[in-house]
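Engineer: First the structure, then my questions, so here it is.
The values are calculated or read from the model by the stated rules, or taken from the named source; none is laboratory data. Small disclaimer: the values here were computed from a predicted structure and weren't measured. Don't worry about glycine lacking a Cβ; one is built from the backbone with ideal geometry, like all the others, and counts go over all protein chains shown.
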Amino acid sequence: MWNNVKAKVMGLKILHGFCNYCTQRHASVGVWVKRTPEKHRRCGQVPGKTRLFATRNYLSTEPPWRVLFFGTDDFAVESLKLLSASRDSNDRVVESLEVVTLSNDVPVKKFADQSKLPVHIWPLGDLQGRFDVGVVVSFGCLLREGLINQFPWFDVGPILHQEIYQVPDNFTADQLGATLATKGAQLLIDTLRTLPERITNRREQAQDGATLAPKISTSMSWIVWEEQTCVQIDRLFRAIASRIPLRTIWMGKTIKLLEFSGKCNISLSGRGRRPVPGSMSYQKESNTLAVCCKDGWVGFKAVMLKKRLSAADFYNGYLHQSFQNRSGPPKQECLFHSNRDRSELHSAGEKNSLTQLHAVH
């Protein structure tokens, strides 16, 4: 049946006539629906040159949702994959899906292109009425309040869904990130499936136990041998070393410490005071460069000077002769120093009160 008057049916703003069948069938499809004569074969109507132009101006109260996804990296791709797949699942959670990213050379953009998803490059213009839900996963840019307010179903603080995950021992940040990306993607789909109910039952985040999580920076990579324990250095390596190598000072220059091998059990020959933090000991049997820290020794299999060197190459090329000569004051080439000691080293030169270096070769 054809109606040739302006009307609002099922939340659609209709202009210049509509087909009841097509309106019913396409009431929740997209932002803009255009029907041409050849598309009306199923309803049997022949509207001539009449076309349906409709914009959805109501808020959907249940899935499927019109989703705008904000993301950049591989972590975000895992959520985007499930959202994309949800459009074709039996219990369709996503009706339409578009993507916002910061540049053309990021994993989210590449996946969106492969999946033929519409892509918007940041920053955005007005989005009012075009989307029900905005999903932000590892985006890397602050969303202004005015943009957030354009999404009727945007979570801005309270917890809607949560799962506790026990971090396995010796997990690196990359391993943990890959695991949480998968788990987080599933939690996202579960949340969207019952979003109104979860918003009704939302709960505020507890303030007790909250800690600051600053962005990872180069300043975090400097080892302070006299303050950090074996466990702390191990955690630091697992947390940031895949992005920023651990650093120390050697002979007044920066040296990168690679291939952390954990705590070393060092049995030093001879007697005397405990070696000072920063002292080195080459372990020939395991080809490891052990370094003394606050409560023990930690090992590294390689270092980076102008080029990458194995522990054996570093020892043979730079340390061997110094280790052979144990008499007299300890030599600077056998010691690592903390970054904060750099200025002191330049001013003090060889005048220092470091205790005797102990080494095993």
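Engineer: What do you reckon, is K81 part of a helix (DSSP H, G or I) and modelled with pLDDT of 90 or more?
Structural biologist: Numbers: part of a helix (DSSP H, G or I): yes; modelled with pLDDT of 90 or more: yes.
Criteria met by K81.
Engineer: Based on what the data block shows, is T182 of a type in the set (S, T, N, Q), on the phi < 0 side of the Ramachandran plot and in contact (Cβ under 8 Å) with a residue 40 or more places away in the chain? Walk me through it before giving the result.
Structural biologist: Values: of a type in the set (S, T, N, Q): yes; on the phi < 0 side of the Ramachandran plot: yes; in contact (Cβ under 8 Å) with a residue 40 or more places away in the chain: yes.
Yes: the conditions hold for T182.
Engineer: Give region 90-146 a look and list any residue that's in a helix (DSSP H, G or I) and crowded, with 19+ Cβ neighbours inside 10 Å, or say none.
Structural biologist: Of the residues in region 90-146, the ones in a helix (DSSP H, G or I) are 107-114, 145-146.
Once the filter is applied, which keeps residues that are in a helix (DSSP H, G or I) and crowded, with 19+ Cβ neighbours inside 10 Å, region 90-146 yields V108, K109, F111, A112.
Engineer: Looking at region 188-230 only, could you name the residues that are touching a Pro at 6+ places or on another chain (Cβ under 9 Å) and not charged (D, E, K, R)? Show your work before the answer.
Structural biologist: Kept after step one, since they are touching a Pro at 6+ places or on another chain (Cβ under 9 Å), are these residues of region 188-230: 192-195, 199, 202-205, 220-221, 224-228.
Of everything in region 188-230, those that are touching a Pro at 6+ places or on another chain (Cβ under 9 Å) and not charged (D, E, K, R) turn out to be L192, T194, L195, I199, Q205, M220, S221, V224, W225, Q228.
Engineer: Here are A181, A185, A213, A206: which of them is surrounded by fewer than 18 Cβ atoms within 10 Å (Cβ to Cβ) and either within 21 Å of the chain's Cα centre (by Cα) or of a type in the set (S, T, Y) (or both)? It would help to see each step written out before you state the result.
Structural biologist: Details: A181 fails: surrounded by fewer than 18 Cβ atoms within 10 Å (Cβ to Cβ); A185 fails: surrounded by fewer than 18 Cβ atoms within 10 Å (Cβ to Cβ); A206 fails: either within 21 Å of the chain's Cα centre (by Cα) or of a type in the set (S, T, Y) (or both).
On inspection, the qualifying residue turns out to be A213.
Engineer: Regarding A239, is this residue within 17 Å of the chain's Cα centre (by Cα), assigned to a helix (DSSP H, G or I) and not assigned by TED's automatic domain parsing to the domain that holds F75? It would help to see each step written out before you state the result.
Structural biologist: Values: within 17 Å of the chain's Cα centre (by Cα): yes; assigned to a helix (DSSP H, G or I): yes; not assigned by TED's automatic domain parsing to the domain that holds F75: yes.
Here the answer is yes, as A239 does meet what is asked.
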